[in-house]
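**Student:** Dropping the structure in here first, questions after.
The values are calculated or read from the model by the stated rules, or taken from the named source; none is laboratory data. Note that this is a predicted model, so its numbers are computed, not measured. Here the Cβ positions follow ideal geometry from the backbone for every residue, glycine too, while neighbour counts run over all protein chains shown.
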Amino acid sequence: MAQDVVQLTRRGFGETTRRDAWWMPQVGAFVVLSSFLAYATWAAFQNAHYEYQQYLSPFYSPLLVGDSPHAWFRQAPWFIPAISPALLILPFPAGFRFTCYYYRGTYYKAFWADPPGCAVGEPRTTYLGERWFPLVLQNVHRYFLYFALLFLIILGLDAYRGYWFTDAGGAKHFGVGIGSLVLTLNVVLLSGYTLGCHSLRHLVGGYLDRLSGRPVRRTAYECVSCLNRGHMNWAWASLFWVAFTDRSAGIMTEYQTIDHDVLVIGAGGAGLRAAIEAARDGTRVGVVCKSLLGKAHTVMAEGGMAAALANVDDRDTWRVHFADTMRGGQYLNNWRMAELHAKEAPARVRELEAWGALFDRTTDGRILQRNFGGHRYPRLAHVGDRTGLEMIRTLQDHGIHQGGVGRAYSITSNSWEYTGDGQALAYLAGAALTDMEFVQFHPTGMIWPPSVRGILVTEGVRGEGGVLRNGAGKRFMFENIPDNYRSQTADNEEEGWRYTQGDKDARRPPELLTRDHVARMIVREVKEGRGSPHGGVYLDISWIKEKLPDAAEHIRKKLPSMYHQFMQLAGIDITKEPMEIGPTTHYIMGGIRVDADSQMSTVPGLFACGECAAGLHGANRLGGNSLSDLLVFGQRAGQYAAEFARANTAPSVDRGVIDQEMRMALEPFERGSTAEGPYQVQDALQSTMQNLVGIVRVESEIERALTELESLRKRAERVGVPGNREYNPGWHTALDLRHLLVVAEAIARSALARKESRGGHFRDDYPDKDPAFGTFNHVVTRGHSGDMQLTRQQIPAMPGELAAIITEMQS
Ligand code: FES
């Protein structure tokens with residue numbers, strides 16, 4: 001025996017004569033506890049992904065400060081330091097665990113050779129507690145217990161809230177989700193652990209002799225004792241589950257994975273048509289949309305869809321439609337797309353009819369067609385003035401498009417979704433964009449109040465005799481009539497008025513010149529300081545009271561929706577006072593460069609159609625060509641995407657990239673409401689584009705815009721938003737900024753490079769068309785360093801047959 005002692009001393013501290021694997025439980029405990037500690041610290045410093053809808057991670061409960069509905073304080077009061085809310089509370093459960101008496105069997109032995117004894121006074125009277133740090137913490141275990149009991153109540157409330165779901169309308173309803181069960185089990189296990197605490201047992205059962213006449217207290221003591229017997233198991237189970245609960249909230253916050261063969265981005269006309277086509281042969285198709293299904297911007301299209309059905313005028317053929325489209329686009333169009341569009345639009349319209357679209361009818365029951373600018377014959381199949389709505393309804397009932405970029409400008413008729421997502425996503429994925437400088441502006445949109453800025457004011461107001469006046473009340477449109485229109489334009493107000501009243505001998509008033517010219521004239525007035533108070537000019541129809549005795553009644557009858565629009569949205573009676581209007585961004589002809597037949601972009605497997613794709617419209621779009629564009633190329637994109645999916649195996653997705661994107665998307669929440677908000681940056685971006693790369697462009701202003709866009713990019717990277725992910729428009733705007741900046745830069749760079757005026761692009765420093773610029777398209781791509789690069793791509797020669805059509809139609 002004595003010999004053993006000598007050997008032990010010689011071998012040093014901690015040596016033992018035991019030869020079995022006595023250290024295994026300690027090593028196990030050490031590894032598990034250290035991992036837990038490392039994970040908890042990491043999760044606390046992350047300060048992200050700790051809540052998903054109504055579920056809150058226990059590491060962050062109570063959530064003392066934050067922007068979420070779970071938080072106690074939105075702004076940290078002076079006594080709460082500005083650190084991760086998890087770090088504020090983690091010391092309490094950590095302290096409780098570290099001082100737990102019953103962890104000693106494994107837990108303390110894992111760290112110290114000689115674990116401490118029981119720290120509580122009852123019933124032993126001689127134990128004075130530990131004296132050396134950190135074992136001295138054992139004495140405070142009881143105080144940590146009080147906090148632990150408080151936390152149990154809070155976690156219980158969190159679990160209860162986990163059963164209340166919020167529906168789309170904001171109403172709460174009771175339900176059971178996996179998250180609710182995970183939170184509940186967490187509370188059960190923590191209760192088992194906490195209520196079996198050795199200290200609690202002493203508190204409840206101290207001076208047990210006196211319990212004989214106290215059945216409630218005795219029962220409580222027996223319950224605590226019962227739990228106490230399994231304390232070790234509760235301790236480990238609750239430790240594991242608390243980490244699992246935190247991870248669950250994180251995973252739910254992260255993303256769900258859903259497999260599709262074809263994913264359609266956007267549920268406008270083109271997206272839905274593509275989805276129907278792609279799903280025909282059993283391909284698994286998913287549709288992602290930014291707005292509510294059925295509310296896509298396509299519903300705003302009123303005029304109709306252009307197709308050479310020849311129902312009203314039998315001279316119409318695809319060849320005439322092709323030539324009209326090419327002339328409208330000033331021959332920068334992708335001629336193959338213009339050919340396919342003209343040839344296939346009639347079939348797509350009849351197909352829509354067969355699916356149940358209720359078109360207006362001719363007297364003999366065929367689809368009625370109406371006249372529209374730039375179309376030689378009546379060609380627009382329509383449903384009153386709500387053709388787009390009918391189209392979306394039909395497609396939706398029956399069964400990659402992601403709209404325009406109008407929200408890059410302050411004043412736009414585009415709805416809030418139009419932030420260039422399709423173009424920017426494709427660009428960021430490596431696809432080429434083309435002819436982005438061609439943006440179409442409509443001359444008359446509302447500009448005041450700000451909430452209705454950009455809403456279209458129909459051309460019909462000018463058609464009924466409405467005139468444009470500047471801030472000084474002067475009718476400025478007579479001042480600058482282009483030479484090639486001079487012979488067809490009235491040279492005095494009286495003649496203009498007679499034209500609007502149906503006098504066939506009178507010429508049209510200058511207010512009814514082409515949209516691009518009218519828009520430019522308005523901008524010139526504003527830029528030269530003669531605008532209205534809110535940066536537009538006046539459109540006045542009320543003046544006709546000088547001509548007509550019952551003018552107010554006449555206006556209400558002829559322009560009922562305009563009357564209501566201004567009365568309800570701006571509080572203006574258009575029969576008595578002028579409207580304040582300005583040009584509004586309406587459409588972008590440029591977009592993702594695609595193969596004409598298949599609609600595949602320059603990235604294999606990525607297809608684009610609708611407004612986000614480019615080619616069909618060239619430098620300018622004809623009214624009515626966009627709805628038929630959606631149908632023709634939606635069908636083609638869907639068909640070829642499905643064929644591509646069948647012929648190729650699905651690419652693997654790099655989880656690291658997804659994680660990075662997800663982190664970037666959620667970062668605005670981490671910065672919260674203390675950082676600059678996204679709306680300020682969006683507003684600055686829109687003003688930059690509106691003022692410097694708008695309807696009238698000059699080199700110095702475009703260059704200034706590019707410099708400002710660079711600084712806006714830095715601001716956009718730092719924006720913060722309050723709240724959580726559900727129905728949070730501020731967060732959407734923060735995410736949109738990245739896309740808006742991409743399309744804004746693409747528009748600006750292309751506009752700078754096009755040193756001529758053509759179609760939707762007007763350069764004050766190069767006001768004429770330059771034939772050299774009619775031979776190529778601008779192509780924008782992302783360089784290896786991430787910079788935007790612009791090149792020229794020669795337009796391929798048109799086949800003789802198509803060239804002959806154009807020559808024939810010109811004659
Ligand atoms: Fe383990 Fe109190 S002894 S929690």
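**Student:** Which count do you get for residues in segment 729-786 that are surrounded by fewer than 15 Cβ atoms within 10 Å (Cβ to Cβ) and within 22 Å of residue 432 (Cβ to Cβ)? Give the steps one after another, and end with the answer.
**Tutor:** Going through segment 729-786, the residues surrounded by fewer than 15 Cβ atoms within 10 Å (Cβ to Cβ) turn out to be 729, 755, 765, 767-772, 775-776, 783-786.
Right, trim to within 22 Å of residue 432 (Cβ to Cβ) and you get 755, 772, 775-776, 783-786.
Matching residues across segment 729-786 total 8.
**Student:** Next question. Applying the selection to segment 446-458, what residues are touching a strand residue (DSSP E or B) at 6+ places or on another chain (Cβ under 7 Å) and either more than 25 Å from residue 614 (Cα to Cα) or surrounded by fewer than 23 Cβ atoms within 10 Å (Cβ to Cβ) (or both)? Even if it seems obvious, please write down each step before you answer.
**Tutor:** Start the filter on segment 446-458 by keeping residues that are touching a strand residue (DSSP E or B) at 6+ places or on another chain (Cβ under 7 Å), which leaves 446-448, 452-457.
Scanning segment 446-458 gives 446, 447, 448, 452, 453, 455, 456, 457.
**Student:** Out of curiosity, is residue 326 at pLDDT 85 or above, under 23 Å from residue 377 (Cβ atoms), in contact with a Gly (Cβ under 8 Å, 6 or more places away or on another chain) and surrounded by 18 or more Cβ atoms within 10 Å (Cβ to Cβ)? Steps first, answer last, please.
**Tutor:** Numbers: at pLDDT 85 or above: yes; under 23 Å from residue 377 (Cβ atoms): yes; in contact with a Gly (Cβ under 8 Å, 6 or more places away or on another chain): yes; surrounded by 18 or more Cβ atoms within 10 Å (Cβ to Cβ): yes.
Spelling it out, residue 326 is indeed at pLDDT 85 or above, under 23 Å from residue 377 (Cβ atoms), in contact with a Gly (Cβ under 8 Å, 6 or more places away or on another chain) and surrounded by 18 or more Cβ atoms within 10 Å (Cβ to Cβ).
**Student:** Please enumerate the residues belonging to segment 506-547 that are among the small types (Gly, Ala, Ser) and in contact with a His (Cβ under 8 Å, 6 or more places away or on another chain). Before you say what the answer is, go through the steps one by one.
**Tutor:** At the first step, the residues of segment 506-547 found to be among the small types (Gly, Ala, Ser) are 506, 519, 529, 531-532, 535-536, 542.
Residue satisfying the conditions is 519 alone.
**Student:** Out of the residues in segment 788-809 that are β-branched (Val, Ile, Thr) and surrounded by 12 or more Cβ atoms within 10 Å (Cβ to Cβ), which is farthest from residue 338 (Cα to Cα)? Break it down into steps so the answer makes sense when it comes.
**Tutor:** Going through segment 788-809, the residues β-branched (Val, Ile, Thr) turn out to be 791, 795, 805-807.
The next check asks that each one be surrounded by 12 or more Cβ atoms within 10 Å (Cβ to Cβ); those that pass are 791, 795, 805-806.
Numbers: 791: 23, 795: 14, 805: 12, 806: 12 Å.
Once the filter is applied, the top-ranked residue is 791.
**Student:** In addition: Show me the helices (runs of 4 or more DSSP H) entirely contained within segment 478-590 in which 1 or more residues are surrounded by 17 or more Cβ atoms within 10 Å (Cβ to Cβ).
**Tutor:** The helices (runs of 4 or more DSSP H) meeting that bar are 493-500, 515-527, 551-558, 560-570.
**Student:** Sticking with this one: Do any residues in segment 188-203 that are of a type in the set (S, T, N, Q) have Cβ atoms under 7 Å from those of residues that are more than 7 Å from the ligand (Cβ to nearest atom), where the two are at least six apart or on different chains, and which pairs are they?
**Tutor:** 191/152; 194/148; 194/149; 194/152; 199/120; 199/142
**Student:** To continue, here is another question. Any residue in segment 82-97 that is at pLDDT below 80, assigned to a helix (DSSP H, G or I), within 16 Å of the ligand (Cβ to nearest atom) and small (Gly, Ala, Ser)?
**Tutor:** So far as segment 82-97 goes, no, none of its residues is at pLDDT below 80, assigned to a helix (DSSP H, G or I), within 16 Å of the ligand (Cβ to nearest atom) and small (Gly, Ala, Ser).
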